[in-house]
Amino acid sequence: MNLIKVGTKFFGESVDSSLLDRAKLAVKNLEEKTCLGSEWTGWWNYPKEKGYILVDEILDWKKNLKLDYDCVVVIGIGGSYLGTRTVYRALNNAYSSSDIRMVYLGNNMSETEMGQILEYIEAHSPVVNVISKSGTTTEPAVAFRIVRESLEKKYGLDGAKQRIIATTDPNKGALRELSLAKGYKMFEVPSDIGGRFSVLSAVGLVPLALGGYDIASLMKGAGSYFEDIKNGDTNALVYACSRYLAYSKLNKNIEILSYSDSKLNLLIEWWKQLFGESEGKSGKGLFPVGLCLTTDLHSLGQFVQDGTRCMMETFISFNDKPSIQIPQSSMSPDGLTYLEKTYVSTVNQAASDATLLAHSDGGVPCLSLNIDAPLSESSLGAIFIFFEVACAISASFLEVNPFDQPGVEAYKKNLFAILGKPGYEDQTASLKQRLNSK
Ligand code: PA5
């Protein structure tokens, strides 16, 4: 119980019982599928409904997979890669040669980076998981065509087929059509779960299983957190309520998620997408940004302390076991004698505490968010659910549908028109004219 604790002592506004009751009602509406966008709430209670069974299916499939591979290539963008990459970044040891390398393509259009990754893939034995719910998103579609061609050249049509797994909509879409035609192994993105809420579905589980991560623990951590909420743990609700107070009462329009472990940087990217795409609608919402402590204290710290007072800040931490002590030394011109035998993580925590006090004194409403467990598949499963539930509650306060993303379409349509995709000819000329005058 209370694995994740929200501290509000430095927030300056307290959550009263009527706001908490509104949050409880939002949870009830999620559970009963009566909220805005209820057709997208398949993620609610997913572990119990489908997740545990899916984990067993994927582990069975992996056990029987007769394929030698030394790297996992994940092709996808937005919700189709950020959850997987969060777990990989948090738990892998980039400096160990025994860890399977996971590489990510199709989440941007940098030709330089793509070229380097293609060279890496070419020199290794990859298994490729292309993930796109719609199957039509330009970035992963382009990356997949290029990777596919390179695999077919190297392994032949049949050999390439053994190395490609597609995760996409079970009923429709270009990737589904292509995969059926090519005979690729397919997994489903459930039709009632949107990309950014899909980390526990095959979207996250398949690549993580291929990379050697404990997907059973990930699911269990998520499932236990749903149970905690059902048993009355209100921490996710208090987080959602506090954000709403910052926005509606304190006139803040930015939330900073500050983290002291650089291995959480992809969790921050996942969180940014979750809140940014779910809440940022109809001129509303807190803009989510990350602050890496102590790195960013030497860049953005000045602004947070002293610049425009437009932000609230949440300090997230996991409880990892300390392991590295600052050594004793007979020579101490570095002035560190007072820190001898102190763990590096103690210094790190002190820096985070010092920052919280300083930013609070500087007029920033601050929350703390402590996960009382080390960074692991299980604790990541729990924090995914904590944020997903909080996000849905938070969007209900703003009266926006958290599960759609109409704003993302604007750039996509322009991109299609500029590149001359059939069907967009009407817009092409006027967009090019506007660009010529820039
Ligand atoms: O949260 C979402 O639904 C989106 O951000 C999608 O994940 C993203 O646009 C990728 O879409 P797709 O999986 O259809 O390629």
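The figures follow:
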| read-out | value |
| --- | --- |
| Top-ranked residue in the stretch 175-199 [being under 19 Å from the mean Cα position of the chain (by Cα) and among the aliphatic types (A, V, I, L, M); ranked as farthest from the ligand (Cβ to nearest atom)] | 199 |
| Which listed residue, of 352, 376, is among the polar types (S, T, N, Q) and within 25 Å of residue 48 (Cα to Cα) | 376 |
| Residues (among the small types (Gly, Ala, Ser) and surrounded by 13 or more Cβ atoms within 10 Å (Cβ to Cβ)) located in the stretch 107-156 | 125, 132, 134, 135, 141, 143, 150 |
| Selected residue [touching a strand residue (DSSP E or B) at 6+ places or on another chain (Cβ under 7 Å), closer than 30 Å to residue 45 by Cβ and crowded, with 16+ Cβ neighbours inside 10 Å] from 373, 392 | 373 |
| Pairs, first touching a residue at least 60 places away in the same chain (Cβ under 8 Å) in the stretch 128-150, second within 6 Å of the ligand (Cβ to nearest atom) and among the hydrophobic types (A, V, I, L, M, F, W, C), C-beta under 8 Å, six or more apart | 137/77; 139/77; 140/77 |
| Within the stretch 225-268, considering residues that are touching a Ser or Thr at 6+ places or on another chain (Cβ under 8 Å) and more than 24 Å from residue 349 (Cα to Cα), the one surrounded by the most Cβ atoms within 10 Å (Cβ to Cβ) | 240 |
| Qualifying position, being without any contact (Cβ under 8 Å) to a residue 60 or more places away in the chain and under 30 Å from residue 213 (Cα atoms), among 342, 428, 346, 337 | 346 |
| Selection within the stretch 140-174 - within 29 Å of the chain's Cα centre (by Cα) and among the hydrophobic types (A, V, I, L, M, F, W, C) | 141, 142, 143, 144, 146, 147, 151, 164, 165, 166, 174 |
| Filtered residue count, the stretch 307-330, keeping only those that are in a loop (DSSP other than H, G, I, E, B) and in contact with a helix residue (DSSP H, G or I) (Cβ under 6 Å, 6 or more places away or on another chain) | 3 |
| Long-range neighbours under 7 Å by Cβ, at least six apart or interchain, first residue among the charged types (D, E, K, R) within the stretch 75-93, second not in a helix (DSSP H, G or I) | 85/104 |
| Lone unmet requirement of (1) surrounded by 14 or more Cβ atoms within 10 Å (Cβ to Cβ); (2) assigned to a loop (DSSP other than H, G, I, E, B); (3) not hydrophobic (A, V, I, L, M, F, W, C) for residue 363 | (1) |
| Checking residue 27 against (1) in a helix (DSSP H, G or I); (2) under 30 Å from residue 246 (Cα atoms); (3) in contact with a helix residue (DSSP H, G or I) (Cβ under 6 Å, 6 or more places away or on another chain), the condition it does not meet | (3) |
| Residue pairs meeting the criteria (Cβ under 8 Å; at least 6 apart or on separate chains; first free of Cβ contacts under 8 Å to residues at least 40 places away in the same chain and closer than 13 Å to residue 184 by Cα, in the stretch 152-171; second away from the ligand (no atom under 15 Å from the Cβ) and among the basic types (Lys, Arg)) | 160/148; 160/154; 161/182; 164/148; 164/182; 164/185; 166/185 |
| Extreme residue, farthest from residue 36 (Cα to Cα), among residues of the stretch 385-415 that are without any contact (Cβ under 8 Å) to a residue 40 or more places away in the chain and touching a helix residue (DSSP H, G or I) at 6+ places or on another chain (Cβ under 8 Å) | 414 |
| Test: residue in the stretch 375-382 that is in contact with a Cys (Cβ under 8 Å, 6 or more places away or on another chain), touching a residue at least 60 places away in the same chain (Cβ under 8 Å), within 30 Å of residue 137 (Cβ to Cβ) and outside any loop (DSSP other than H, G, I, E, B) | no |
| In the stretch 160-174, residue farthest from the ligand (Cβ to nearest atom) [restricted to those that are more than 9 Å from residue 131 (Cα to Cα) and not small (Gly, Ala, Ser)] | 162 |
| Residues being farther than 17 Å from residue 313 by Cα and either in a helix (DSSP H, G or I) or touching a helix residue (DSSP H, G or I) at 6+ places or on another chain (Cβ under 7 Å) (or both) - total across the stretch 224-236 | 8 |
| Residue in the stretch 103-122 that is in contact (Cβ under 8 Å) with a residue 12 or more places away in the chain, closer than 18 Å to residue 204 by Cα and more than 16 Å from the ligand (Cβ to nearest atom) present | yes |
| Count - residues of the stretch 46-93 that are aromatic (Phe, Trp, Tyr) and either surrounded by fewer than 21 Cβ atoms within 10 Å (Cβ to Cβ) or more than 16 Å from the ligand (Cβ to nearest atom) (or both) | 4 |
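A short reminder: the numbers here are calculations on the coordinates, not readings from a lab. Note that the structure is predicted; figures quoted are calculated from it, not measured. Note: ideal-geometry Cβ built from the backbone for every residue, glycine included; neighbour counts use all protein chains shown.
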